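Have a look at the structure below before the remarks.
Each value in this text was obtained by applying a stated rule to the coordinates, not by laboratory testing. Please read all numbers here as calculations on a predicted model, not as lab measurements. Because the Cβ atoms are built from the backbone with ideal geometry, glycine has one as well, and the counts that use them run over all protein chains shown.
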Amino acid sequence: MALSLHPGRYLRITAVAMLLGHAVMAWIGQMPLRALLWDEKLVSEAIHKLTGMKWAEWASSMQVDAMIESIIFAQGWVFCALALCIALPLPRRFIATGAALASLNLAFLAWLKFHDSGLGIGHFFEHGSQFLLPLLIMLCVLKKPWEPLAKCALAATFVCHGASAIGLGSQIPIWNHPRPGNYMEMTMQCLGLQSESAAGGILITAGILDVIVIISIFIKGWPRILGLSYMAGWGFLTALARPWFHFDPTAAAETLLRWLPEFFFRAPHFCLPLCLLLALRKTTAKIHSPE
């Protein structure tokens, strides 16, 4: 039996891989919930009202720390349950509901990462392909157009990654996007470079290309095809760079457990462009099919 080429099937497969990647990250404690629950300015008043604890007591309590760890671990099971909801052949309304809940959970996770970074708003929107992917599935199962939102999701991810690759600093905190140090390290090690200036030049070029391809995917014809093809290839390489850069043969199991999930939860960065290319192929075939 031939494998179905319907984009909705691959959107769901991508979402399952992404959610399971986030589940493993939660199970190994890699979720910045403490950045929120230990933010004195933001939550101290609410904590005192809810628990009666003074801030110093809350922040130093081993029981509170254990509770936060338990919540993070439980969130892993939430991601796992949402992955099952999307993967199983359930009625459309259940899949749509699960997808909406997945989107809310992922948007909250993206906000936590943004809050933890203390940097510009782009550190939230760079996860757009991830937290909007479940909504694309919801639109797809409800037989609504999903491609426009998919293009916007990719645009958010690539423009924000591009801004970080270029290193767009600002005196205004909300627009501050300095280049992360690990970008330079990963580029030098993965490409075998010795010069920081060469690695910096490659990152600036990649950042500029990210902006160019964003424009191209909103143009019909070959610019869109080339742009989506570039996004798929570059998205795959940048996702693979994490486990590749951090892999240690002497501690293979530990490094793979820690870094391979980062590849899987970035699956939308390269699978979403492929799904759009597949949708284009189906549209073209439909237009040219004989009556």
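Against the chain, whose longest principal axis comes from its Cα atoms, helix 181-191 is set at around 50 degrees.
Using R0 = 35 Å, the C-beta based FRET efficiency linking R9 and I215 works out to 0.75.
With a Förster radius of 30 Å applied to the beta-carbon distance between W222 and L90, the computed FRET efficiency rounds to 0.15. Averaging sequence separations of C-alpha pairs under 8 Å and six or more residues apart, then dividing by the length of the chain, give the relative contact order as a whole percent. Computed over the chain, the figure is 22 percent. Between 0 and 90 degrees, the angle of helix 222-246 with respect to the longest Cα principal axis of the chain falls at about 40 degrees.
Simple point charges give the picture: +1 on the Cβ of Lys and Arg, -1 on the Cβ of Asp and Glu, and for segment 118-252 a dipole about the Cα centre of about 560 debye. Projecting the Cα positions of A251, W234, I214 onto the charge dipole of segment 203-265 (unit charges on Cβ atoms of Lys, Arg, Asp and Glu, taken about the Cα centre) puts I214 furthest along the positive direction. Peptide packing: for 220-233, 149-162, the average count of neighbouring Cβ atoms within 10 Å per residue gives the ranking 149-162, 220-233, highest mean first. Applying 1/(1 + (r/R0)^6) with R0 = 51 Å to the Cβ-Cβ distance of E57 and T255 gives a FRET efficiency near 0.85. Helix 196-216 axis versus longest C-alpha principal axis of the chain: approximately 60°, rounded to the nearest ten. For the chain, adding -39500 (n - 2.57) for each run of n ≥ 4 DSSP H residues and dividing by the number of residues yields -26000 deg cm²/dmol at 222 nm. Its Cα centre serving as origin, segment 107-194 has a Cβ charge dipole (Lys and Arg +1, Asp and Glu -1) of approximately 280 debye.
Summing Cβ point charges (Lys, Arg +1; Asp, Glu -1) relative to the Cα centre of segment 7-281 gives a dipole of roughly 1280 debye. When the P(r) of the chain is calculated, the portion above 23 Å amounts to 60% of the C-alpha pairs. When the Cα positions of P223, H48, A59 are compared along the charge dipole of the chain, P223 comes out farthest toward the positive end, with charges on each C-beta of Lys, Arg, Asp and Glu.
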